[in-house]
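Asks: I am attaching a structure below and will ask some questions about it afterwards.
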Amino acid sequence: MSDYQKIIEHIHDDLLRRKSYGEVASYIPELAHVDAEKLGVSLATVNGDYFGVGDWQDQFSIQSIVKVLLLSMAYTKLGGQLWQRVGVEPSGTPFNSLGTLEHDKGIPRNPFSNAGALVISDILLDLYDDPRQAMLDLLKNITGDKSIGFDPIIAASEKAHGYRNVALVNFLKSLGNINNDEEVVFNLYLDCCSISMNCLQLARTFMLFANHGQTLDGKTHLLNPSQTKRMNAIMLTCGFYDEAGDFAYKVGLPGKSGVGGGIVAVLPQHFSVAVWSPRLNEKGNSYRGLKFLEQFTTETEQSIF
Ligand code: GLU
């Protein structure tokens with residue numbers, strides 16, 4: 001048994017012994033049905049090894065984690081031109097904030113806010129004939145797993161209750177930063193948020209960002225090394241909404257969270273690690289996911305710093 005397996009098992013067991021805090025996201029009603037006590041971890045290395053513990057093979061809703069993939073799909077085609085429509089500054093605001101948009105003339109501060117991801121979804125509609133299929137093809141090519149797909153129940157639940165996202169996409173449209181029909185953009189974004197994956201699939205997918213933008217076998221090449229560097233920089237500074245500074249301070253890895261309770265983080269040229277635990281702290285990030293990663297980088301002394 002490798003050291004990584006021992007370490008993740010020991011931190012997993014430690015966390016289960018300690019009380020967990022926070023609430024499961026309920027503003028998307030379907031997400032509230034998940035078992036709050038689930039905890040899974042998977043780590044994949046650039047050598048092709050992988051490890052897992054707890055509920056690492058259970059699928060969960062990746063939610064905002066998909067924003068990294070949406071951005072990558074746009075960035076690979078548009079390059080730096082993309083930054084005319086969305087910035088790369090940490091927002092310091094909650095994920096669904098409308099607050100700064102008017103002042104910023106409809107240019108979202110970064111692509112990992114909901115506003116930013118809606119603009120990216122709009123861009124993808126112009127770049128791809130069928131962006132949904134392009135997303136599924138990408139995931140299938142990376143993981144080799146054809147079963148990964150959208151969850152129509154989660155998507156429908158969020159579409160029926162996504163009042164802030166409706167407001168955001170309309171506000172962006174009024175400010176001139178949405179080209180396509182606002183409902184089409186809203187539906188694409190929420191379909192992508194509904195994708196279900198398990199921790200191993202997620203760790204394997206994010207291996208792209210640990211491996212210069214390509215899969216380990218070199219067959220899928222999404223980003224070049226310079227673009228990959230920039231993607232990791234945006235994950236580090238913007239991946240955790242108004243808790244990005246805290247995550248960088250405590251964990252020291254680029255990463256992205258989602259309100260389904262998933263967090264995925266990478267140590268470039270080494271590994272990618274996915275944690276899932278549905279209880280969220282007050283900033284919308286997984287309480288145990290954060291604790292796990294903090295303990296992991298502290299004990300292994302492996303982080304980007
Ligand atoms: N689909 C969610 C929303 O737009 C994603 C939020 C998140 O995971 O942070 O509200």
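The values are calculated or read from the model by the stated rules, or taken from the named source; none is laboratory data. What you are looking at is a predicted structure, and each value in this text was computed from that prediction instead of being measured. Heads up, the Cβs are rebuilt from the backbone with ideal geometry, glycines too, and the neighbour counts pull from every protein chain shown.
Asks: Identify all residues within region 41-86 that are in a loop (DSSP other than H, G, I, E, B) and either more than 13 Å from Ile123 (Cα to Cα) or touching a residue at least 40 places away in the same chain (Cβ under 8 Å) (or both); write none if there are none.
Replies: Val46, Asn47, Gly48, Asp49, Asp55, Trp56, Gln57, Asp58, Gln59, Ile62, Arg85
Asks: Would you please name the residue that is farthest from the chain's Cα centre (by Cα), looking only at residues in region 19-33 that are without any contact (Cβ under 8 Å) to a residue 12 or more places away in the chain and outside any helix (DSSP H, G or I)?
Replies: The initial filter retains those residues of region 19-33 that are without any contact (Cβ under 8 Å) to a residue 12 or more places away in the chain, namely 19, 26, 32-33.
Add one more test, that the residue is outside any helix (DSSP H, G or I), and what stays is 19, 26.
On the way: Lys19: 26, Ser26: 19 Å.
Across region 19-33, the extreme among qualifying residues is Lys19.
Asks: Let me ask something else about it. Taking region 246-283 only, how many residues are more than 16 Å from the ligand (Cβ to nearest atom) and either under 14 Å from Ala25 (Cβ atoms) or among the hydrophobic types (A, V, I, L, M, F, W, C) (or both)?
Replies: Count: 7.
Asks: Moving on to the next point. Could you list, in sequence order, all residues of region 179-189 that are within 17 Å of Ala74 (Cα to Cα) and within 15 Å of the ligand (Cβ to nearest atom)?
Replies: Matches in region 179-189: Val185, Phe186, Leu188, Tyr189.
Asks: Another question about this same structure. Give the residue that is nearest to Val166 (Cα to Cα), with candidates limited to residues of region 87-107 that are without any contact (Cβ under 8 Å) to a residue 60 or more places away in the chain and polar (S, T, N, Q).
Replies: Among those residues, the one meeting the criterion is Ser97.
Asks: Still on this structure, I have one more. Within the set of pairs 6 or more residues apart or between chains, which connect a residue that is within 11 Å of Phe112 (Cβ to Cβ) inside region 253-265 to a residue that is within 9 Å of the ligand (Cβ to nearest atom) and in a strand (DSSP E or B) with Cβ atoms less than 6 Å apart?
Replies: Here the result reads none, with nothing in region 253-265 linked to a residue that is within 9 Å of the ligand (Cβ to nearest atom) and in a strand (DSSP E or B).
Asks: I would also like to ask the following. Picking from Gly245, Gly252, Gly261, which residue would you name as being surrounded by fewer than 24 Cβ atoms within 10 Å (Cβ to Cβ) and on the phi > 0 side of the Ramachandran plot?
Replies: Gly252
Asks: Among the residues of region 287-301, what is the count of those that are within 16 Å of the ligand (Cβ to nearest atom) and without any contact (Cβ under 8 Å) to a residue 60 or more places away in the chain?
Replies: Within region 287-301, residues that are within 16 Å of the ligand (Cβ to nearest atom) and without any contact (Cβ under 8 Å) to a residue 60 or more places away in the chain number 2.
Conditions tested, residue by residue: (1) of a type outside the set (Val, Ile, Thr); (2) under 22 Å from Gly258 (Cβ atoms); (3) in contact with a Lys or Arg (Cβ under 9 Å, 6 or more places away or on another chain).
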position	(1), (2), (3)
Pro111	yes, yes, yes
Leu118	yes, yes, no
Asp122	yes, yes, yes
Tyr128	yes, no, yes
Arg132	yes, yes, no
Leu136	yes, yes, yes
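Asks: Counting only residues that are modelled with pLDDT under 95 and within 16 Å of Arg132 (Cα to Cα), which one in region 146-173 is nearest to the ligand (Cβ to nearest atom)?
Replies: Ser147
Asks: From (1) of a type in the set (A, V, I, L, M, F, W, C); (2) in a loop (DSSP other than H, G, I, E, B); (3) farther than 18 Å from Asn198 by Cβ, pick out the condition that doesn't hold for Leu15.
Replies: Every listed condition holds for Leu15 apart from (2).
Asks: Here is a further query. Would you be able to tell me the number of residues in region 57-105 that are within 19 Å of Val264 (Cβ to Cβ), surrounded by 22 or more Cβ atoms within 10 Å (Cβ to Cβ) and not hydrophobic (A, V, I, L, M, F, W, C)?
Replies: Looking only at that region, the number is 5.
Asks: Another question about this same structure. Give just the number: which of (1) within 16 Å of the ligand (Cβ to nearest atom); (2) on the phi < 0 side of the Ramachandran plot; (3) outside any helix (DSSP H, G or I) does Ile120 not satisfy?
Replies: With respect to (1) within 16 Å of the ligand (Cβ to nearest atom); (2) on the phi < 0 side of the Ramachandran plot; (3) outside any helix (DSSP H, G or I), Ile120 is out only on (3).
Asks: Filter region 271-305 for residues that are more than 16 Å from Glu9 (Cβ to Cβ) and part of a loop (DSSP other than H, G, I, E, B) and give the result.
Replies: Selection gives Pro278, Arg279, Asn281, Glu282, Lys283, Gly284, Asn285, Glu301, Gln302, Ser303, Ile304, Phe305.
Asks: Being more than 15 Å from Gln5 (Cβ to Cβ) and surrounded by fewer than 14 Cβ atoms within 10 Å (Cβ to Cβ) is the filter here, so list the residues in region 37-47 that pass it.
Replies: Of everything in region 37-47, just one residue is more than 15 Å from Gln5 (Cβ to Cβ) and surrounded by fewer than 14 Cβ atoms within 10 Å (Cβ to Cβ), namely Glu37.
Asks: Just for region 44-98: of the residues that are of a type in the set (A, V, I, L, M) and either over 19 Å from Ala115 (Cβ atoms) or touching a strand residue (DSSP E or B) at 6+ places or on another chain (Cβ under 8 Å) (or both), which one is farthest from the ligand (Cβ to nearest atom)?
Replies: Step one: list which residues in region 44-98 are of a type in the set (A, V, I, L, M), which gives 44, 46, 53, 62, 65-66, 68-71, 73-74, 78, 82, 86, 88, 98.
Filter once more, keeping what is either over 19 Å from Ala115 (Cβ atoms) or touching a strand residue (DSSP E or B) at 6+ places or on another chain (Cβ under 8 Å) (or both): 44, 46, 53, 62, 65, 68.
On the way: Ala44: 22, Val46: 27, Val53: 23, Ile62: 8, Ile65: 7, Val68: 11 Å.
The residue in question is Val46.
Asks: Out of (1) touching a helix residue (DSSP H, G or I) at 6+ places or on another chain (Cβ under 9 Å); (2) farther than 18 Å from Gln57 by Cα; (3) not small (Gly, Ala, Ser), the odd one out for Asp242 is which?
Replies: Every listed condition holds for Asp242 apart from (1).
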